[in-house]
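Next up is a structure, given as structure tokens.
The values are calculated or read from the model by the stated rules, or taken from the named source; none is laboratory data. The structure displayed is predicted, hence computed values, not measured ones. Cβ coordinates were reconstructed from backbone atoms using ideal geometry, including for glycine residues, and neighbour counts include every protein chain displayed. We work out accessible area using only protein heavy atoms, side chains counted, and drop any ligands, DNA or RNA first. Shrake-Rupley method; radii C 1.70, N 1.55, O 1.52, S 1.80 Å.
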Amino acid sequence: MKKLFWGGIHPKGNKSLSRGTGLTPVPAPKEVVLPMFQHIGAACTPTVKVGDTVKLGQLIGDGKGLCAPVHASVSGKVIAIENRPHTSGREILSVVIANDGLDTPDGSLTPYADFRKLTPEEIFHRIHAAGIVGMGGAAFPTDVKAFSALDKVDYVIINACECEPYITADDTLLCTWPQEVLTGVEILKFALSPTHAVIAIEDNKPEAIAAMQSVCKGSEVEVRVLPTRYPQGAEKQLVCAVTGRQVPPGKLPAAAGCAVFNAATAYAVYQAVMEGKPLTQRILTVTGDGAKAPKNMLVRLGTTFLETIEAAGGMKDTTCKVLSGGPMMGVAQGNLQAPVLKATNTILCLTEANTPAENPVCIRCGKCLTTCPMHLQPLYMYRAVNSGNLEELNRLNLMDCMECGCCSFGCPGKLPLVATFRKGKQMVKEAKKV
């Protein structure tokens, strides 16, 4: 098999659990909990108060700088503005709305039939006004990414790799709304004027590939089929796989002439520009050996994990862990009252706990060096964190670690590498504050 980027692994996919189950719309819950922090950057400030009546799609939170607005995912009454559980494990200021069941639309974001009559700045403004972020997990505000790439890129790459095990949300999206995704890509291509526009899909998604190839015939958008390899969906690895270019350390894909957007983000761009809809719902996968009926679901933002799992048939009694995200980079949830966010692509129910080794020992096999897709040296980073050597951590470029888990996955000594690197990053950040 052709190796398109350095390192990486081939974990068992387990996508058959939810693939081919179609798309199940989940009825809106009786109340939604919408955190003011669903993106990278500054948290939003509520623009409503307790007792206000709000409409579906109405702006309820906004801020300055690097920020993405938050919108009501139902119509109804604001019953609380308070700290509530969040997928990060913290409690975050959230707007709680009691659903009136009417879905009365706000209509402040108007549809625009011909996006080619808009300027790039007007398109970016619409993307911002819709609260769109990277929906593959990063949650970086899309308008900021797009604006920063203006006049700097010759490739727009749509990330439909979905390389992490279990997840089939983007796969389902491409099979369900291929034309809408293509239109979203064309909007981004029109705004950024690249030479190439590529939809990258791994070869373990034959139905999605066929659907996109069908709608892309005659367009200027290429469907590029890539061999399956984790973590190909990471931006820097995807840029290398598609273009052969390397993103310099500490830089973004724009430095290599590329802008990368998730497939679900492209669909959200279509909805914002062509339908005048802000981001209030998303497709996600409820799956895992602990899920009674794994499936792909269209869920309102603010629906709790518990309600979403129950809508998918519930959990088995043997479930011991629930993750937000996939098994490699997902975050374990201690409270299932945490709500579905803009970047929640998976709720993974596991029946086997990954108990840490009692005495993890490095056996000097070198596997972590050969699997790290960022060309880092995990073993030496691990030692530097444990010894508190900040100078060495900076020399080893610890902050370039994307926490993909390839090193931990293949470590026969069962070293807690990723958990240690997260601790090390926090040490580096705190040292910079001093």
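Among the residues of the stretch 9-32, count how many are over 19 Å from the mean Cα position of the chain (by Cα) and open to solvent by less than 10 Å² (accessible area, probe 1.4 Å).
1
Taking Cys404 as the residue in question, decide whether it is in contact (Cβ under 8 Å) with a residue 40 or more places away in the chain, in contact with a helix residue (DSSP H, G or I) (Cβ under 6 Å, 6 or more places away or on another chain) and open to solvent by less than 40 Å² (accessible area, probe 1.4 Å).
Here the answer is no, as Cys404 does not meet what is asked.
Could you list, in sequence order, the residues of the stretch 331-351 that are free of Cβ contacts under 8 Å to residues at least 60 places away in the same chain and surrounded by 21 or more Cβ atoms within 10 Å (Cβ to Cβ)?
Across the stretch 331-351, the qualifying residue is only Val340.
Return the pairs, sorted by first residue and then second, in which the second residue is hydrophobic (A, V, I, L, M, F, W, C) and surrounded by 12 or more Cβ atoms within 10 Å (Cβ to Cβ), the first residue lies in the stretch 206-220 and is in contact (Cβ under 8 Å) with a residue 60 or more places away in the chain, the beta carbons are less than 7 Å apart, and the residues are 6+ apart or on different chains.
Every condition considered, the pairs that remain are Glu207/Cys175.
Output the qualifying pairs, or none if there are none: Cβ atoms under 8 angstrom, residues six or more apart or on different chains, first residue in the stretch 8-30 and of a type in the set (Val, Ile, Thr), second residue in a loop (DSSP other than H, G, I, E, B).
Final answer for the pair search is Ile9/Arg229; Thr21/Pro294; Thr24/Ala312; Val26/Thr303.
Additional query: Quick check: anything in the stretch 162-171 part of a loop (DSSP other than H, G, I, E, B), in contact with a Lys or Arg (Cβ under 7 Å, 6 or more places away or on another chain), modelled with pLDDT of 95 or more and surrounded by fewer than 22 Cβ atoms within 10 Å (Cβ to Cβ)?
Within the stretch 162-171, one or more residues are part of a loop (DSSP other than H, G, I, E, B), in contact with a Lys or Arg (Cβ under 7 Å, 6 or more places away or on another chain), modelled with pLDDT of 95 or more and surrounded by fewer than 22 Cβ atoms within 10 Å (Cβ to Cβ).
Looking only at the stretch 199-210, filter to residues that are surrounded by fewer than 24 Cβ atoms within 10 Å (Cβ to Cβ) and in contact with a strand residue (DSSP E or B) (Cβ under 6 Å, 6 or more places away or on another chain); which one of those is nearest to Glu164 (Cα to Cα)?
Glu202
Within the stretch 312-330, which residues are part of a loop (DSSP other than H, G, I, E, B) and either open to solvent by 60 Å² or more (accessible area, probe 1.4 Å) or out of contact with any Cys (no Cβ under 8 Å at 6 or more places or on another chain) (or both)?
Across the stretch 312-330, the qualifying residues are Ala312, Gly313, Gly314, Lys316, Asp317, Thr318, Cys320, Gly325, Gly326, Pro327, Met329, Gly330.
With the requirement that a residue be within 18 Å of Ser75 (Cα to Cα) and open to solvent by less than 20 Å² (accessible area, probe 1.4 Å), what does the stretch 281-306 give you? Walk me through it before giving the result.
Residues of the stretch 281-306 within 18 Å of Ser75 (Cα to Cα): 281-282, 298-304.
If the condition is that a residue be within 18 Å of Ser75 (Cα to Cα) and open to solvent by less than 20 Å² (accessible area, probe 1.4 Å), then Arg282, Val299, Leu301, Gly302, Thr303, Thr304 are the ones that fit.
OK, next. For the stretch 366-383, state whether one or more residues are in contact with an Asp or Glu (Cβ under 6 Å, 6 or more places away or on another chain), part of a helix (DSSP H, G or I) and either small (Gly, Ala, Ser) or more than 30 Å from Val322 (Cα to Cα) (or both).
no
So if I check each of Ala264, Ala259, which one is in a strand (DSSP E or B), open to solvent by less than 20 Å² (accessible area, probe 1.4 Å) and in contact with a strand residue (DSSP E or B) (Cβ under 9 Å, 6 or more places away or on another chain)? Walk me through how you get there before you give the answer.
On the way: Ala264 fails: in a strand (DSSP E or B).
Sole residue among the options that is in a strand (DSSP E or B), open to solvent by less than 20 Å² (accessible area, probe 1.4 Å) and in contact with a strand residue (DSSP E or B) (Cβ under 9 Å, 6 or more places away or on another chain): Ala259.
Can I ask one more? Among the residues of the stretch 78-132, write down those that are more than 21 Å from the chain's Cα centre (by Cα) and assigned to a helix (DSSP H, G or I).
Phe115, Arg116, Lys117, Pro120, Glu121, Glu122, Ile123, His125
If you don't mind, another one. Open to solvent by less than 50 Å² (accessible area, probe 1.4 Å), touching a Gly at 6+ places or on another chain (Cβ under 7 Å), over 18 Å from Leu59 (Cα atoms) and not hydrophobic (A, V, I, L, M, F, W, C) - does that describe any residue in the stretch 123-141?
yes
Given (1) surrounded by 15 or more Cβ atoms within 10 Å (Cβ to Cβ); (2) part of a loop (DSSP other than H, G, I, E, B), identify the lone condition not met by Ile309.
(2)
Take Val273 and decide whether it is at pLDDT 95 or above, open to solvent by less than 10 Å² (accessible area, probe 1.4 Å), in contact with a strand residue (DSSP E or B) (Cβ under 6 Å, 6 or more places away or on another chain) and within 24 Å of Asp103 (Cβ to Cβ).
On the way: at pLDDT 95 or above: yes; open to solvent by less than 10 Å² (accessible area, probe 1.4 Å): yes; in contact with a strand residue (DSSP E or B) (Cβ under 6 Å, 6 or more places away or on another chain): no; within 24 Å of Asp103 (Cβ to Cβ): yes.
No: the conditions fail for Val273.
Is it true that Leu66 is within 30 Å of Ser108 (Cβ to Cβ) and touching a Phe, Trp or Tyr at 6+ places or on another chain (Cβ under 9 Å)?
In short, yes.
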